[in-house]
Amino acid sequence: MSLISQNAVVKIKEKKKGKRIGDEGEELSLLEGREEILEEEGSDVEAAKLGNFLFDDSALFVLDCSGNKDVLINEEDGGYQVGSADEDGDKQRKPAWMDDEETVVNISKVNRLRKLRKEEDETVISGSAYVSRLRAHHAKLNPGTDWANLDSKVRTYDSDEDSEVENGAVVASGYKSVDDILKTNEELVVKRGGKLLPGILEYSRLVDANAEDPSNGPINSVQFHRNHQLLLAAGLDRKLRFFQIDGKRNKMMDSIFIEDCPIRNASFLPDGSQVIVSGRRKFFYSVDISKGNVDKIGPLTGREEKSLEVFEVSPDSRTIAFLGSEGYILLVSAKTKELIGSLKMNGTARSIAFTDDGQQLLSSGGDGHVYHWDLRTRTCLHKGVDEGSINGTALCTAPVGNLFAAGSSSGIVNVYNREEFLGGRRKPIKTLDHLRTEASFMKFNHDAQILAICSTMQKSSLKLVHIPSFTVFSNWPPANKTLHYPRCLDFSPAGGFMAAGNAAGKCNLMEALPMT
């Protein structure tokens, strides 16, 4: 017997006992009705009515009113129907609870929330204010990319007007549309460096640039690539190494072993396509970075120099100038690697430096004079005495402005204005006497606010000079003498890093902190 039929019998028996107290005739009619119901048990309609009759106990069941619908009970026939509470005028369901007071947040106790304060003594804010301030702070840290919106108004820049300054950068002027920007490979955003203050240089010491593969001999050349965070390091172990500089790992990208040439000098071409490598040999090497080819070039036609170890590359990537013997300066085409001309000094040639436009060349040597050469006509424009110099050993020119520095064997470094020097003024702007031995090399940083002067003959003899005031930084070199015997140095093109190679085979890396 099914569950419904069992319950039906029990329920009807109870009703049967109640009816016997009243009237036996009604009992007989109830029994007859029960037999009819049981006989029609197979009918779906009657089965539904019987279920409502037997389970008419509202205390045992809960009605599920989903949405805005209420289940209405029809008491007459025991059926049910679904209706709308709004249509029947019933009251809507009330919320389970309501907050009498709004949530408050204490933003002064949590360190990361203090930036949301508008006043210094503000401590508690409402929940809605907390949410709105969080959204505003997120929008401030993540500005919208309006440039990606095609419907946004195209901004134009007039060359006559001042360039706009946004977030510490100067937007290059002269671009009328997006197409003009895509047609050039020039730098579109020129960073405007802050003014460097004298006295103390703010910097941090990073992992050595060649920490993954230190050199087995002295490092004679370090140089940053012009367009990438790529650094080359080369030395007497005959290896040319390339490192990707990030200040944390400084991963080594590649290395090239040159079997028959201990490297004395190595330099990128300014366009970044090749590396020129030389030593105390009659020949030099050209390394193609993209293809990885190494070409041996030389000896130069008509020349008998036994060493081509000292050279400089012009900023326009057109000319390579080598120091020759007997005061000769050899001019080689950077494209064909052929000798295209020569310049002759009265004394021995010890150092050379190109001007920032690559049209002129400066040289100095054993006669204590500084020569200015015009490379277009290959004639000497001017020859002037370097004050106090007997033997010139180092030259460098500023990448911006008209300054150049001349160092001598006595350690004296004179800083001149090139236009004034060409005009006949022989008095230097400033004489620096911070080196005790021969000035071996010098280097300006990217904006000519720092001049590095060094002597390879003394330990930690690397000085950084603040150019506007012509004073050395008091906290440089570091007190722990980690520089050893410095032999070469270079600044990154953007001014963020400084790399210094030493005789111990290490390449120290420093990062300059943002200027004020």
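The values are calculated or read from the model by the stated rules, or taken from the named source; none is laboratory data. This is a predicted model, so every value here is computed, not measured. Cβ coordinates were reconstructed from backbone atoms using ideal geometry, including for glycine residues, and neighbour counts include every protein chain displayed. Just so you know, the surface numbers come from the protein's heavy atoms only, side chains and all, with ligands and any DNA or RNA stripped out. Shrake-Rupley method; radii C 1.70, N 1.55, O 1.52, S 1.80 Å.
For region 505-516, a residue qualifies if it is buried (at least 17 other Cβ atoms within 10 Å of the Cβ) and either within 26 Å of residue 270 (Cβ to Cβ) or over 27 Å from the mean Cα position of the chain (by Cα) (or both), and the qualifying residues are 505, 507, 508, 509, 510, 512. For region 448-496, the set of residues classified as open to solvent by less than 40 Å² (accessible area, probe 1.4 Å), assigned to a loop (DSSP other than H, G, I, E, B) and touching a residue at least 60 places away in the same chain (Cβ under 8 Å) consists of 449, 467, 473, 476, 478, 492, 495, listed by residue number. All of 265, 227 fail the test of being open to solvent by 10 Å² or more (accessible area, probe 1.4 Å), modelled with pLDDT of 95 or more and at negative phi, apart from 265. Given the criteria assigned to a strand (DSSP E or B) and within 33 Å of the chain's Cα centre (by Cα), does residue 286 qualify? Here the answer is yes, as residue 286 does meet what is asked. When we screen 489, 483 for residues that are out of contact with any helix residue (DSSP H, G or I) (no Cβ under 6 Å at 6 or more places or on another chain) and more than 18 Å from residue 267 (Cα to Cα), the only hit is 483.
Go through region 369-437 and tell me which strands (runs of 3 or more DSSP E), entirely inside it, have 1 or more residues that are in contact (Cβ under 8 Å) with a residue 12 or more places away in the chain and of a type in the set (D, E, K, R).
369-374, 379-385, 430-432
Select from region 289-304 the residues that are assigned to a loop (DSSP other than H, G, I, E, B) and either surrounded by 19 or more Cβ atoms within 10 Å (Cβ to Cβ) or within 33 Å of the chain's Cα centre (by Cα) (or both) and list them in ascending order. So that I can check it myself, show each step before the final result.
In the first step, residues of region 289-304 are kept if they are assigned to a loop (DSSP other than H, G, I, E, B); the result is 289-293, 298-304.
Passing the criteria: 289, 290, 291, 292, 293, 300.
So residue 368 ticks every box in (1) open to solvent by 20 Å² or more (accessible area, probe 1.4 Å); (2) at positive phi but one. Which box is left unticked? Against the list (1) open to solvent by 20 Å² or more (accessible area, probe 1.4 Å); (2) at positive phi, residue 368 comes up short only on (1). Taking region 325-338 as the range and being over 16 Å from residue 307 (Cβ atoms) and open to solvent by 10 Å² or more (accessible area, probe 1.4 Å) as the test, the residues that pass are 333, 335, 336, 337, 338. If only residues of region 242-262 that are closer than 18 Å to residue 495 by Cα and open to solvent by 60 Å² or more (accessible area, probe 1.4 Å) are counted, the one that is nearest to the chain's Cα centre (by Cα) is 246.
For region 310-324, give me the residue count where each residue is open to solvent by less than 20 Å² (accessible area, probe 1.4 Å) and not hydrophobic (A, V, I, L, M, F, W, C). Total satisfying the criteria: 2. The C-beta contact set for region 117-134 (first residue touching a residue at least 24 places away in the same chain (Cβ under 8 Å), second residue among the charged types (D, E, K, R), distance under 6 angstrom, 6+ apart or interchain) comprises 126/102; 127/102. Contact map, region 276-293: first residue farther than 14 Å from residue 238 by Cα, second residue at pLDDT below 90 and in a strand (DSSP E or B), Cβ cut-off under 8 Å, separation 6 or more or different chains; the map is empty.
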